[in-house]
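Contents: one structure, followed by commentary.
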Amino acid sequence: MKEILQDLSLDELRALVAEMNEQKFRADQLYRGLMQGKKITDIPGLSKEFRKSLAERFENEPVSIREVFRSSDGTEKYLFELSDGNLIEGVLMRYKYGNTQCVSTQVGCRMNCAFCASGLNGLIRNLTAGEILAQILCVNARIGGTAEKRAVTNVVLMGSGEPLDNYANTVRFLKNVTAPGGICISGRNISLSTCGIVPRMYDLAEEGIPVNLTVSLHAATDAERARIMPVAKAYTIAEILKACENYFEKTGRRYIFEYSLIAGENADKEHAQKLIELLKGKPCHVNLIRLNEVKERNLSGITEKEAYRFLGMLEKGGLSATLRRQIGADIGGACGQLRAGYLAEEERKKKEGQQTAEDEV
Ligand code: SAH
């Protein structure tokens, strides 16, 4: 794979332009073109030779939209292709106040949570900062946004992958996506979701990019959490809570816990009670999610009514909580589902092809 131009900050582009003996203002032209989601070869104003030497060293289109699936509720699910042929996915959710894009940070994931489709085939590779950014740049352009007037207004790092397991690239991405003069999405409008990699949560608090921190909790005791999240064997809930408090002290950001409701695992009255005891009085919010059932994973969700009952118990116990609207469930809305489904389909076609070939012999 060639290098990714979208990895670079404006200052780094300026250094590159100087190194390539081009005039200074070319860096701004280049940056504007990239922020508008253009291929290197389509950026206006640059000389043919300059574009050519750039495209020899850098990927012309590091992330391209392979397919778009539209849900009946307006949510759009994207299947992206990377320049090495790997596939990742993203979601665009439309709200009254703006459009939120969910981006991936890795191809696959090595966390292997029991309910999630992203970890089904393990981690394939990390995305570079530019590959994370380019997901936003091409969707923004597709829905009519520019760098100056963005159509993607909010970003959540909740696609496939564990952002804090790809720390350096994720932080570089956060710096570039919030940089003035670029697509410039404010940290306030960005949420990073982690399964709770404690040391990196402390590191993130020091980066000076105050994004919202979301932690996938999914259980109120370490033993119950370890049944569904292998990472719980490495870090305890107490350690996670301390890291969240530190994040709050350093950044002033209230933290959010995700809690996906799974029948027989974490969705009964006693679980609500334990969650209340654990979080009462803390400056946090609980986001309940109804499980998107993944057919390769043997877990079931609970009904909407039961989920509202669970929510009611948390609220009565004094917690700030919401039940997340189940979006895009008809198009494989949960992390990794689209890619997993796509890979399974390709596999099926391949087998079918082989079968036909065998039949013909
Ligand atoms: N690796 C990050 C980002 C994951 S995606 C993390 O662990 O936080 C965002 C949220 O969706 C996480 O809380 C994740 O646990 C949850 N999730 C993943 N698959 C799900 C599914 N099939 N149903 C419901 N929630 C799911």
Would you be able to tell me the number of residues in region 95-136 that are out of contact with any Gly (no Cβ under 7 Å at 6 or more places or on another chain) and of a type in the set (Val, Ile, Thr)? 5
Hey, among Leu314, Leu299, Leu288, which residue is more than 21 Å from the chain's Cα centre (by Cα) and within 15 Å of the ligand (Cβ to nearest atom)? Leu299
State which residue pairs qualify: first residue modelled with pLDDT of 95 or more and inside region 97-113, second residue acidic (Asp, Glu) in any location, beta carbons under 6 Å apart, and separation of 6 or more residues or different chains. Cys109/Glu162; Met111/Glu162
Kindly provide the set of residues from region 248-267 that are at pLDDT 95 or above and exposed (fewer than 14 other Cβ atoms within 10 Å of the Cβ), ordered by number. Glu249, Gly264
Glu315 - would you say it is among the charged types (D, E, K, R) and out of contact with any helix residue (DSSP H, G or I) (no Cβ under 8 Å at 6 or more places or on another chain)? yes
By residue number, the members of region 136-169 that are within 16 Å of the ligand (Cβ to nearest atom), of a type in the set (Val, Ile, Thr) and closer than 20 Å to Ser9 by Cα are Val155
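The rows are residues; the columns are (1) under 20 Å from Ser118 (Cα atoms); (2) among the polar types (S, T, N, Q).
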residue	(1), (2)
Arg225	yes, no
Thr251	no, yes
Ser260	yes, yes
Val294	yes, no
Could you look through region 139-166, keep only residues that are part of a loop (DSSP other than H, G, I, E, B) and among the charged types (D, E, K, R), and pick out the one that is farthest from Gly37 (Cα to Cα)? Glu162
Enumerate the pairs (first residue in region 228-242 and over 16 Å from Thr214 (Cβ atoms); second residue anywhere and in a loop (DSSP other than H, G, I, E, B) and among the aromatic types (Phe, Trp, Tyr)) with beta-carbon separation below 8 Å, excluding pairs fewer than 6 apart on the same chain, so at least 6 apart or on different chains. Ile228/Phe115
For region 320-336, indicate whether the set of residues that are more than 16 Å from the ligand (Cβ to nearest atom), modelled with pLDDT under 90, farther than 24 Å from Val91 by Cα and of a type in the set (S, T, N, Q) is non-empty. no
Top-ranked residue of region 287-298 - restricted to ones that are in contact with a helix residue (DSSP H, G or I) (Cβ under 8 Å, 6 or more places away or on another chain) and touching a residue at least 40 places away in the same chain (Cβ under 8 Å), ranked as surrounded by the most Cβ atoms within 10 Å (Cβ to Cβ): Val294
Take region 170-203 and flag every residue that is among the polar types (S, T, N, Q) and either away from the ligand (no atom under 14 Å from the Cβ) or not in a helix (DSSP H, G or I) (or both). Asn176, Thr178, Ser186, Asn189, Ser191, Ser193, Thr194
Say we look at region 111-125 and pick out the residues that are over 14 Å from Glu89 (Cβ atoms) and assigned to a strand (DSSP E or B); which of these is nearest to the ligand (Cβ to nearest atom)? Leu123
Cβ-Cβ distance below 9 Å, separation of 6 or more or different chains: which pairs start in region 152-171 with a residue that is modelled with pLDDT of 95 or more and of a type in the set (A, V, I, L, M, F, W, C) and end on one that is assigned to a helix (DSSP H, G or I) and within 8 Å of the ligand (Cβ to nearest atom)? Leu157/Pro163
In region 9-31, the residues that are closer than 19 Å to Glu148 by Cα, charged (D, E, K, R) and crowded, with 19+ Cβ neighbours inside 10 Å: Arg26
Among helices (runs of 4 or more DSSP H) entirely within region 1-107, at least 3 residues that are under 26 Å from Thr153 (Cβ atoms) occur in 10-19, 26-35
Could you list, in sequence order, all residues of region 204-231 that are in contact with a Gly (Cβ under 7 Å, 6 or more places away or on another chain), aliphatic (A, V, I, L, M) and either away from the ligand (no atom under 13 Å from the Cβ) or part of a helix (DSSP H, G or I) (or both)? Ile209, Val211, Val231
Listed residues Gly74, Gly85, Gly90, Gly37; which is on the phi > 0 side of the Ramachandran plot and touching a residue at least 60 places away in the same chain (Cβ under 8 Å)? Gly37
Only one of these conditions is not met by Cys244: (1) surrounded by 16 or more Cβ atoms within 10 Å (Cβ to Cβ); (2) within 21 Å of Gly119 (Cβ to Cβ). Which number is it? (2)
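The values are calculated or read from the model by the stated rules, or taken from the named source; none is laboratory data. Model, not experiment: these values are computed from the prediction. So basically every Cβ, Gly included, is an ideal-geometry build from the backbone, and we count neighbours across all protein chains shown.
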